[in-house]
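One structure below.
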Amino acid sequence: MLMIANWKMNMSRKEIVAYLDTLAGEDRWGVWNEREIRLVLCPPFPYLDLLRKECVRRDLPFGIMAQNMAAFDTGPFTGEVSAGMLRDVAAEGVLLGHSERRQYFGETDADVTRKIERALAFGLVPVVCFGETQEERDRGDASVVWSRQIAPVWEAVGRDRAEGRATPVFWAYEPVWAIGTGRAAGLADVREVSRHLRKTFGKECARGLLYGGSVNAESVTSLFEKETVRGFLVGGAFLDARTVLCIFDRLFGRES
Ligand code: 13P
């Protein structure tokens, strides 16, 4: 299980230290990690290296991923951060195509495809976000949108596999209407997405399905079905370290 915290454009140096101090009070991280239940933190770029060092210092086995990445490897691209740079600061993966990137920064499916090519070439684990808006859902177009967003990216994964690499790829179903609204999708919705991925792109693709959108201590319990989702991508709720602990305890505390 992957429990990914997307901090978006939040947190400061001081808040990160306090967050890790709170998490360090829990002694089951090693046990959870052995069971492949992992917490992954996605800070804003400037805090990637600080976060890594602070985790190492506290012996906290968390994964670290970036929230975005450039589609280019190097050169005159002011303000951009490349896959190689992310590897250099020991990030293990990267979120790609988040709906906020698509909505506010005009990212297209073609951009996401170029980015995943670069991520895979550098061995970064991509978490590709996809999902429909309320309007698309109302029109009955949700599955058309999922396929349109995933198809070119899945082809890029195929080209990478053909080169002999096998970096895992995750697909975060994040319906736009569920992000930050307090209205999470239901298990039936997520099962439908899983079925659609299996039918359209095959079992391997469906196996990497994550869910994101208003995940909190209540909604996560009803969405937690191991055959359907490999984990969750959490925004607001995981800005609070106590909620992280509460959700881990609720989902995994007594798992054998
Ligand atoms: P919320 O959990 O705040 O709804 O955000 C979801 C999200 O966008 C994670 O990437």
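Mind counting the residues in the range 206-218 that are at pLDDT 95 or above and within 15 Å of the ligand (Cβ to nearest atom)? Spell out the reasoning first.
Filtering the range 206-218 for residues at pLDDT 95 or above gives 206-216.
With within 15 Å of the ligand (Cβ to nearest atom) added as a condition, the list becomes 209-216.
Here the count works out to 8.
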Completion exercise
Reported set for the range 233-249 where residues are within 15 Å of the ligand (Cβ to nearest atom) and either within 15 Å of the chain's Cα centre (by Cα) or among the charged types (D, E, K, R) (or both) is L233, V234, G235, G236, A237, F238, L239, D240
Completion exercise
Cβ pairs under 9 Å, 6+ apart or interchain, first in the range 195-207 and under 14 Å from V157 (Cβ atoms), second charged (D, E, K, R), ordered by first then second residue, are L197/K203; L197/R207; C205/R198; A206/R195; A206/R198; A206/K199; R207/R198; R207/R230
Exercise for the section: Check whether at least one residue in the range 47-54 is among the hydroxyl-bearing types (S, T, Y), surrounded by 14 or more Cβ atoms within 10 Å (Cβ to Cβ) and assigned to a helix (DSSP H, G or I), and report yes or no. Expected result: yes
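Of the residues L95, L39, L20, only one is in a helix (DSSP H, G or I) and surrounded by 13 or more Cβ atoms within 10 Å (Cβ to Cβ); which? Write out each step before concluding.
Values: L95 fails: in a helix (DSSP H, G or I); L39 fails: in a helix (DSSP H, G or I).
Of the residues listed, the single one that is in a helix (DSSP H, G or I) and surrounded by 13 or more Cβ atoms within 10 Å (Cβ to Cβ) is L20.
Among the residues of the range 1-17 satisfying the criterion of being polar (S, T, N, Q) and under 20 Å from L96 (Cα atoms), which is surrounded by the most Cβ atoms within 10 Å (Cβ to Cβ)? Give the steps one after another, and end with the answer.
Taking the range 1-17 and keeping what is polar (S, T, N, Q), we get 6, 10, 12.
After this cut, where a residue has to be under 20 Å from L96 (Cα atoms) as well, the list is 6, 10.
On the way: N6: 26, N10: 12.
For the range 1-17, the residue satisfying everything is N6.
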Handout entry: Of the criteria (1) over 27 Å from K199 (Cα atoms); (2) within 16 Å of the ligand (Cβ to nearest atom); (3) touching a Leu at 6+ places or on another chain (Cβ under 6 Å), which one R101 fails
Key = (3)
Handout entry: Residues located in the range 153-193, provided they are closer than 24 Å to A119 by Cα and among the small types (G, A, S)
Key = A156, G158, A162, G164, A166, A172
Practice task
Please enumerate the residues belonging to the range 104-151 that are buried (at least 19 other Cβ atoms within 10 Å of the Cβ), among the polar types (S, T, N, Q) and farther than 19 Å from T74 by Cα.
Solution key: Q149
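The values are calculated or read from the model by the stated rules, or taken from the named source; none is laboratory data. Here the structure is a predicted model, which is why all the values come from computation and not from measurement. Counting neighbours? That spans all protein chains shown, and the Cβs are built from the backbone with ideal geometry, glycine included.
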